[in-house]
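The values are calculated or read from the model by the stated rules, or taken from the named source; none is laboratory data. Please read these numbers as outputs of a predicted model, since none were measured by experiment. With ideal geometry, Cβ positions are generated from the backbone for all residues, glycine too; neighbour counts draw on all protein chains shown. Heads up: the accessible areas ignore ligands, DNA and RNA and are worked out on the full protein's heavy atoms, side chains in. Shrake-Rupley method; radii C 1.70, N 1.55, O 1.52, S 1.80 Å.
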Amino acid sequence: MAARKRREPEEEHENHERWLVTYADMVTLLMVLFIVMFSMSAVDEKKFSALKEGLAAGFGVSAAVMDGSQSLLDNPGSAAVQTLTPDQYRELSPKEQTAVTAAVAEQERLRSQRAYADAEAEANRLQELRRELDRALSTKGLQDDVVTTIDDRGLVVSLVSRHVVFEANLADLTARGRLVVDTLAKVLKPIPDPLQVDGHTNQVPVKPKYFDTDWDLSAARSITVLRHLNEDQGIASTRLTATAFGHEKPLVPVDEPGSQRINKRVDIVVLSSLPAETRELLEEAAQDQQGGRT
């Protein structure tokens, strides 16, 4: 009987990928840890946001930077917050009241800071427009016929009468006055801002010769300039409005020498589109910028 051939033992195959199991377990644990941490932090943030929103509503403070914008305190996916009444606020612990009051104060500080930054940017834009108007007038020697200021409406371009923009008692532009308006229109036409044309008379207590009152004369002057901007210079009528102030808004104090010649004028106001609350900061921002350059 032939001897059986002895079988050699097979070499055991080594698994070189066993580390993947350990690695997968570790990654899974880390993922679970991060999910738990995220869920805990999301719940805390939501509760704190609700507390801040409620207190802001209770004290009449908007939690948004601007009306209609998304609140800085909103959390995507969270439920709408409920208003916190003053009685509910009083039920908070002193520590919670202090924290929430500080949060509301910080929110108000950020809102004011944002509003001033917007006003500062708008003042920069209007200052550049003012410089462009000055350059255009200077090339024609008309710089002394116009005074520019920035107030809570925007850029005010005053056509003063040092060189007789309007004859006494009349609402017709002189030849020099038409040249001034034409020069301004070439700069104002390309911009999108609305333009308000304000008519003014001086403060001499005498009835106008050809008009019933100062109101009629100032209205006629503003309409004269408005029509010239629209009909002769092609500025769209949808951008133009006319207003009359009579003698109620002098540009310079009436007791100053020569004030009556200057106060008899028409103002072309480049109206800013900023919200009213932000426009109130325009004059301050413009003065701060000019002060920083001196």
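Do we find a residue being out of contact with any Asp or Glu (no Cβ under 6 Å at 6 or more places or on another chain) and closer than 21 Å to Pro192 by Cα anywhere in the range 247-255?
No, the conditions are met nowhere in the range 247-255.
Can you give me the number of residues within the range 131-161 that are open to solvent by 10 Å² or more (accessible area, probe 1.4 Å) and farther than 20 Å from Phe245 by Cβ?
So the count comes out to 11.
Within the range 240-274, how many residues turn out to be outside any loop (DSSP other than H, G, I, E, B), among the hydrophobic types (A, V, I, L, M, F, W, C) and touching a His at 6+ places or on another chain (Cβ under 9 Å)?
The number of residues fulfilling the criteria is 2.
Against the conditions (1) within 21 Å of Val180 (Cβ to Cβ); (2) free of Cβ contacts under 8 Å to residues at least 60 places away in the same chain, where does Leu129 fall short? Just the number, please.
(2)
Let me spell it out: the conditions are (1) within 22 Å of Lys264 (Cα to Cα); (2) over 17 Å from the mean Cα position of the chain (by Cα), and Arg135 meets all of them except one. Which number is the exception?
(1)
Failed condition for Val100, given (1) modelled with pLDDT under 80; (2) in contact with a strand residue (DSSP E or B) (Cβ under 6 Å, 6 or more places away or on another chain), with all others met?
Of (1) modelled with pLDDT under 80; (2) in contact with a strand residue (DSSP E or B) (Cβ under 6 Å, 6 or more places away or on another chain), only one is false for Val100: (2).
Return yes or no: is Pro194 out of contact with any Cys (no Cβ under 6 Å at 6 or more places or on another chain) and in contact (Cβ under 8 Å) with a residue 12 or more places away in the chain?
Here the answer is yes, as Pro194 does meet what is asked.
Could you count how many residues in the range 162-187 are surrounded by 22 or more Cβ atoms within 10 Å (Cβ to Cβ) and either within 21 Å of the chain's Cα centre (by Cα) or basic (Lys, Arg) (or both)?
Matching residues across the range 162-187 total 0.
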